[in-house]
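Visitor: Please read through the structure below; I'll follow up with questions.
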């Protein structure tokens, strides 16, 4: 019998194969260890891993418009008179610049309530949850025609800073985050959105902010990134999740001083003229409310209109 046929009958010999190719088992072990190490990265929770993968897998892609080539012979292009163009394609009337004033930290007490409600222009009230007057300002504000949002406490970097009840931290599980968010929303009924209260640590956690953004989108709520931390991921993660979102342009009252706040309102007006809109955040303080109220005639004389957050998104 020919030698070639005898080899075929013997078939595959694993022992001889691995002896002839010793690198194969080594590569197999390295491959298995690599897979095992990969699955061990990230949070322990499988859902957090899924959220993190969603964040990584949805990186925005820039779309660049490719211009059409210019005609080879420019002299042959028929020039249309400018007045003819304006007749065929009238320029749209530019919308007036708008400012949304957001008043933070309502819920502790009723201080300055009368001054607040004396402002007969659109304002957005950012109400802290689970406080003595959270429900009151949510209902009273809405009744008086103001826009209301939940001012959601998020974990700060400084452990000595106290965001108050209902705080969400980075070490919570997704289910814990959902439960606290639901409880907080229940204490401020009728809100149209959420902004972050503090949160210098939480707002830079991509997975946490993406989870919160998905929950808000499911509840048809908007998200305002207060930008209490300059590198906050809140705005970017909200856009990634498809949640209507915007971010703060100007803080009004880092100094509780009437003249300083007035200058900050002027800065908000400058931003609004450039961007056609601006979000300015202040607190429930006498100087802040009085400065806004007294600035209204000047703002309107400049063609600037006070607006709500939802109007800015429309």
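Visitor: Among the residues of the stretch 201-216, write down those that are closer than 12 Å to residue 169 by Cα and surrounded by fewer than 19 Cβ atoms within 10 Å (Cβ to Cβ).
Guide: Result: 201, 204.
Visitor: Something else now. For residue 255, work out the one condition from (1) surrounded by 15 or more Cβ atoms within 10 Å (Cβ to Cβ); (2) in contact with a helix residue (DSSP H, G or I) (Cβ under 9 Å, 6 or more places away or on another chain) it doesn't fulfil.
Guide: Going through the list (1) surrounded by 15 or more Cβ atoms within 10 Å (Cβ to Cβ); (2) in contact with a helix residue (DSSP H, G or I) (Cβ under 9 Å, 6 or more places away or on another chain), residue 255 breaks only (1).
Visitor: Now a separate question. Scan the stretch 130-146 and tell me whether some residue there is in a loop (DSSP other than H, G, I, E, B), touching a strand residue (DSSP E or B) at 6+ places or on another chain (Cβ under 8 Å) and more than 19 Å from residue 251 (Cβ to Cβ).
Guide: Yes, some residue in the stretch 130-146 is in a loop (DSSP other than H, G, I, E, B), touching a strand residue (DSSP E or B) at 6+ places or on another chain (Cβ under 8 Å) and more than 19 Å from residue 251 (Cβ to Cβ).
Visitor: Quick one: in the stretch 176-189, which of the residues that are over 15 Å from residue 130 (Cα atoms) and touching a helix residue (DSSP H, G or I) at 6+ places or on another chain (Cβ under 8 Å) is surrounded by the most Cβ atoms within 10 Å (Cβ to Cβ)?
Guide: So the residue we want is 177.
For every residue, the table says whether it meets (1) touching a helix residue (DSSP H, G or I) at 6+ places or on another chain (Cβ under 7 Å); (2) modelled with pLDDT under 95; (3) crowded, with 16+ Cβ neighbours inside 10 Å; (4) not assigned by TED's automatic domain parsing to the domain that holds residue 151.
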residue: 275; (1), (2), (3), (4): no, no, no, no
residue: 281; (1), (2), (3), (4): no, no, yes, no
residue: 287; (1), (2), (3), (4): yes, no, yes, no
residue: 290; (1), (2), (3), (4): yes, no, yes, no
residue: 296; (1), (2), (3), (4): no, no, yes, no
residue: 300; (1), (2), (3), (4): no, no, no, no
residue: 303; (1), (2), (3), (4): no, no, no, no
residue: 309; (1), (2), (3), (4): no, no, yes, no
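Visitor: Taking the stretch 139-150 only, how many residues are more than 24 Å from residue 305 (Cβ to Cβ) and buried (at least 24 other Cβ atoms within 10 Å of the Cβ)?
Guide: The total comes to 1.
Visitor: Something else about it: What is the residue count in the stretch 151-173 for residues that are surrounded by fewer than 20 Cβ atoms within 10 Å (Cβ to Cβ) and within 23 Å of the chain's Cα centre (by Cα)?
Guide: Qualifying residue count for the region: 11.
Visitor: Pairs only if they're at least six apart or on different chains, beta carbon under 7 angstrom, first in the stretch 226-243 and not assigned by TED's automatic domain parsing to the domain that holds residue 213, second surrounded by 20 or more Cβ atoms within 10 Å (Cβ to Cβ); list them, first residue then second.
Guide: none
Visitor: I would also like to ask the following. Listed residues 150, 125, 115, 154; which is more than 15 Å from residue 199 (Cβ to Cβ) and touching a residue at least 40 places away in the same chain (Cβ under 8 Å)?
Guide: Checking each option against the conditions leaves just 115.
The values are calculated or read from the model by the stated rules, or taken from the named source; none is laboratory data. Given the structure is predicted, the values throughout are model-derived calculations rather than measurements. When we count neighbours, we look across all protein chains shown, and the Cβ atoms used for this are built from the backbone with ideal geometry, even at glycine.
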